[in-house]
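These notes are about the structure you will find just below.
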Amino acid sequence: MGSLIIKNGTVYDPINSINGERMDIHIKDGIIVENAGRRAKKIDCSNKIVMPGGVEIHSHMAGGKVNAGRLLRPEDHVKFVMPKTRLTRSGSGFSIPSTFMTGYLYSKLGYTTGMTAAMVPLTARHTHEELDDIPMIDKGAYTLTDGNWFIMRYLKDGDIEKCAAFTAWLLNATKGLVIKLTNPGGTEAWGWGKNCRSLDDPVPYFDITPKEIIRGLVEVNEILGLPHSVHLHANNLGRLGNYETTVDTFRVPNGIKTDKDRQILHVTHAQFHAYGGDTWKNFESKAEDIAKVVNKSDNAIIDTGNVTLDNTTTMTADGPMEYYLQSLTHLKWVNRDVELETAPGVTPFVYSPKMPTPAIQWAIGLELGLLVKDPWKVLMTTDHPNAGPFTRYPRIIAWLMSRHYREETLEKINEAAGRRSGISSIDREYDFNEIAIVTRAGQAKALGFAEKKGHLGIGADGDVAVYDIDTKNIDPGRDFREIEKGFSATAYTIKEGEILVKDGEIVKVVFGRTYWVNSQIDGKLKEEVLKDIEYDFKRYYSVNLANYPIPEEYLKRPEELKIDATRVGA
Ligand SMILES: [Zn+2]
């Protein structure tokens with residue numbers, strides 16, 4: 001871990017209310033300090049932007065369906081190839097880059113932390129093996145709980161404490177960081193060729209509704225005191241008229257309290273959930289309706305899921321959605337059922353700018369970013385690779401910062417985007433401080449990492465991104481191409497005080513930590529739940545219980561977050 005002084009940069013550090021001040025940042029032994037000492041290495045960052053390292057809150061970068069996507073799409077590999085260098089391995093893939101390349105690409109953009117958004121418990125071992133092969137960034141994985149038989153049964157029985165104890169066990173067994181819900185109830189219904197099309201649509205044989213699953217797990221999340229909120233991919237993703245379900249979803253956790261400095265529900269890739277219309281001919285944006293609710297709500301935060309108008313690969317644990325999508329496109333498709341847990345699928349999608357639907361989807365993502373007033377409540381993502389690859393972040397930044405750029409794009413794409421969304425009437429342009437919030441500070445705060453990540457205050461990890469953008473000589477509204485270029489490759493990416501990227505080239509390869517939460521529960525409750533687990537593993541699972549949990553030693557560089565959940569069942 002290095003010692004370093006970053007001199008004279010123009011610093012944007014929203015968590016510490018530093019907005020474009022010229023100052024030095026000192027790092028010693030990997031941590032930000034007051035004074036790194038005279039012997040520390042110095043780099044001059046005059047006329048450059050200095051921000052905390054980027055934090056990715058929702059990306060599909062590792063695991064079974066990511067790998068299935070790679071196998072499904074050889075054509076994606078040839079579109080983008082990275083040759084081997086003295087330091088780095090070779091890699092390929094435009095929308096689904098190979099593991100090593102994923103780390104290199106994030107690092108070049110200035111990201112130092114990244115979360116993989118959906119880990120199937122049964123194949124968690126594979127997810128961690130892939131995560132271990134992603135260099136350069138700190139990581140974590142969200143454990144899928146949407147169609148989990150234990151969870152649905154405990155919630156049906158109204159036994160919230162047992163549900164909390166089981167969830168703690170599951171996070172521990174899978175070395176997961178976050179409770180993830182994908183189309184709650186719908187993925188289990190899919191096993192019967194069905195879906196849950198409203199919040200009150202019961203899951204076959206379990207007789208529990210999506211609303212009960214969401215509310216139950218938000219309660220569990222707060223009982224356990226987990227750092228992040230429940231991370232929800234809401235029901236009816238990608239469906240016409242789905243904004244009504246989304247609006248209802250925001251209300252589900254009403255009244256549940258948290259003692260954390262964050263919202264209690266994270267609704268992910270909201271772009272896919274802000275659709276109006278009842279046929280694809282009258283498909284329209286309902287971003288305004290969603291933004292209105294988010295502006296008013298104390299419950300929820302969203303990330304955008306911006307469509308980047310690319311040929312990409314969609315992948316989600318939402319199996320019924322992938323089936324529906326391929327029935328529209330007739331492109332190749334894989335789906336699978338994971339026993340007792342969930343049902344992921346993968347299919348390519350071409351967001352052709354000349355077609356009305358993708359053009360409107362592009363507008364919706366940006367509208368959400370611009371209509372939600374508080375940038376801390378609307379984080380920038382592409383749901384990589386679902387709405388586009390994360391490598392397009394610089395372009396989204398430029399769209400957010402320049403009305404002119406949005407107008408130029410609107411002229412080139414299908415005219416439906418202008419007619420069936422409100423994008424052309426929005427004047428707002430982000431400033432650099434807001435960009436720092438929606439790409440790192442907001443993510444760190446939402447993840448409960450704001451002590452160590454997403455800022456440059458004393459005691460934070462020495463993770464820094466330096467961009468070659470001279471704020472005094474640039475007007476982002478006009479010079480949007482410079483903005484996109486400036487954010488495309490860092491002047492420096494610094495991780496724990498060490499320079500990993502210099503002038504867009506990787507100069508050092510490191511492996512980050514994998515964060516997971518250890519919320520052990522003791523006593524009688526634990527015994528009872530373990531008995532249930534043992535019994536049902538013998539009856540239903542095709543694996544032995546002893547082979548299911550992943551030992552901590554299995555991970556390359558595990559970082560345990562100890563959670564005191566002893567009050568559960570006490
Ligand atoms: Zn996702």
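Consider segment 522-570. How many of its residues are touching a residue at least 60 places away in the same chain (Cβ under 8 Å) and of a type in the set (Gly, Ala, Ser)?
3
With 138, 132, 146 as the choices, which residue is buried (at least 23 other Cβ atoms within 10 Å of the Cβ) and away from the ligand (no atom under 16 Å from the Cβ)? Break it down stepwise before answering.
Values: 132 fails: buried (at least 23 other Cβ atoms within 10 Å of the Cβ); 146 fails: away from the ligand (no atom under 16 Å from the Cβ).
After applying the criteria, what remains is 138.
Name the strands (runs of 3 or more DSSP E) wholly inside segment 265-343 in which the number of residues that are under 22 Å from the mean Cα position of the chain (by Cα) and closer than 19 Å to residue 217 by Cβ is 2 or more. First the steps, then the outcome.
Values: elements: 265-267, 300-303, 311-316.
Hits in segment 265-343: 265-267, 300-303.
Just checking: which of the helices (runs of 4 or more DSSP H) contained wholly in segment 363-481 hold 2 or more residues that are more than 16 Å from the ligand (Cβ to nearest atom) and over 30 Å from residue 222 (Cα atoms)? First the steps, then the outcome.
Numbers: elements: 393-401, 403-412, 416-419, 432-436, 442-446.
Because the criterion is at least 2 residues that are more than 16 Å from the ligand (Cβ to nearest atom) and over 30 Å from residue 222 (Cα atoms), the helices (runs of 4 or more DSSP H) in segment 363-481 that meet it are 393-401, 403-412, 416-419, 432-436.
Name the pairs whose Cβ atoms lie under 6 Å apart, with the first residue in segment 29-58 and assigned by TED's automatic domain parsing to the domain that holds residue 469, the second more than 16 Å from the ligand (Cβ to nearest atom) and modelled with pLDDT under 95, and 6 or more positions between them or separate chains?
29/1; 30/1; 36/3; 40/3
Looking at segment 142-160, I want the residues that are free of Cβ contacts under 8 Å to residues at least 40 places away in the same chain and have a partner that is part of a strand (DSSP E or B) with Cβ atoms under 8 Å, at least 6 apart or on another chain. Which pairs are those?
That search, which allows pairs on different chains as well, returns 143/119; 143/178; 143/179; 143/180.
I'd like to verify a number: residues in segment 186-200 that are assigned to a loop (DSSP other than H, G, I, E, B) and touching an Asp or Glu at 6+ places or on another chain (Cβ under 7 Å), how many? Reasoning before the result, please.
Filtering segment 186-200 down to residues assigned to a loop (DSSP other than H, G, I, E, B) leaves 191-200.
Next cut, touching an Asp or Glu at 6+ places or on another chain (Cβ under 7 Å) only: 191, 199.
Adding up the residues that qualify gives 2.
Only one of 305, 369, 345, 319 is out of contact with any Cys (no Cβ under 9 Å at 6 or more places or on another chain), on the phi > 0 side of the Ramachandran plot and touching a residue at least 24 places away in the same chain (Cβ under 8 Å); which? If you could, list the steps in order and put the result at the bottom.
Working: 369 fails: on the phi > 0 side of the Ramachandran plot; 345 fails: on the phi > 0 side of the Ramachandran plot; 319 fails: on the phi > 0 side of the Ramachandran plot.
Criteria check complete, one pass: 305.
Pick from 529, 501, 507: which is of a type in the set (A, V, I, L, M, F, W, C), in contact with a helix residue (DSSP H, G or I) (Cβ under 9 Å, 6 or more places away or on another chain) and either outside the structural domain of residue 43 (by TED's automatic domain parsing) or surrounded by fewer than 22 Cβ atoms within 10 Å (Cβ to Cβ) (or both)?
Values: 501 fails: either outside the structural domain of residue 43 (by TED's automatic domain parsing) or surrounded by fewer than 22 Cβ atoms within 10 Å (Cβ to Cβ) (or both); 507 fails: in contact with a helix residue (DSSP H, G or I) (Cβ under 9 Å, 6 or more places away or on another chain).
Being of a type in the set (A, V, I, L, M, F, W, C), in contact with a helix residue (DSSP H, G or I) (Cβ under 9 Å, 6 or more places away or on another chain) and either outside the structural domain of residue 43 (by TED's automatic domain parsing) or surrounded by fewer than 22 Cβ atoms within 10 Å (Cβ to Cβ) (or both) holds for just one of 529, 501, 507, which is 529.
Looking at 437, 397, 360, 423, which one is touching an Asp or Glu at 6+ places or on another chain (Cβ under 6 Å), in contact (Cβ under 8 Å) with a residue 60 or more places away in the chain and aliphatic (A, V, I, L, M)?
423
Among the residues of segment 68-98, how many are within 16 Å of the ligand (Cβ to nearest atom) and outside any loop (DSSP other than H, G, I, E, B)?
Applying the first criterion (within 16 Å of the ligand (Cβ to nearest atom)) to segment 68-98 yields 68-69, 95-96.
Those left that are additionally outside any loop (DSSP other than H, G, I, E, B): 68-69.
Looking only at that region, the number is 2.
Kindly provide the set of residues from segment 471-498 that are among the polar types (S, T, N, Q), touching a Ser or Thr at 6+ places or on another chain (Cβ under 6 Å) and under 30 Å from residue 513 (Cβ atoms), ordered by number.
The first filter runs over segment 471-498 and keeps only residues among the polar types (S, T, N, Q), leaving 471, 473, 488, 490, 493.
Filter again for touching a Ser or Thr at 6+ places or on another chain (Cβ under 6 Å), leaving 471, 493.
Passing the criteria: only 493.
Please go through segment 350-390 and pick out each residue that is out of contact with any Pro (no Cβ under 8 Å at 6 or more places or on another chain), surrounded by fewer than 22 Cβ atoms within 10 Å (Cβ to Cβ) and of a type in the set (Ser, Thr, Tyr).
Across segment 350-390, the qualifying residue is only 357.
Of these, 279, 249, which one is more than 29 Å from residue 525 (Cβ to Cβ) and either among the aliphatic types (A, V, I, L, M) or within 16 Å of the ligand (Cβ to nearest atom) (or both)? First the steps, then the outcome.
On the way: 279 fails: either among the aliphatic types (A, V, I, L, M) or within 16 Å of the ligand (Cβ to nearest atom) (or both).
Result of the check over 279, 249: 249.
Six or more apart or on different chains, Cβ under 7 Å: which pairs go from a residue in segment 59-83 that's within 18 Å of residue 310 (Cα to Cα) and assigned by TED's automatic domain parsing to the domain that holds residue 118 to one that's more than 16 Å from the ligand (Cβ to nearest atom) and polar (S, T, N, Q)? Could you list them?
77/92; 80/92; 81/92
The values are calculated or read from the model by the stated rules, or taken from the named source; none is laboratory data. As the structure is a prediction and not an experimental result, all values here were calculated from the model. Don't worry about glycine lacking a Cβ; one is built from the backbone with ideal geometry, like all the others, and counts go over all protein chains shown.
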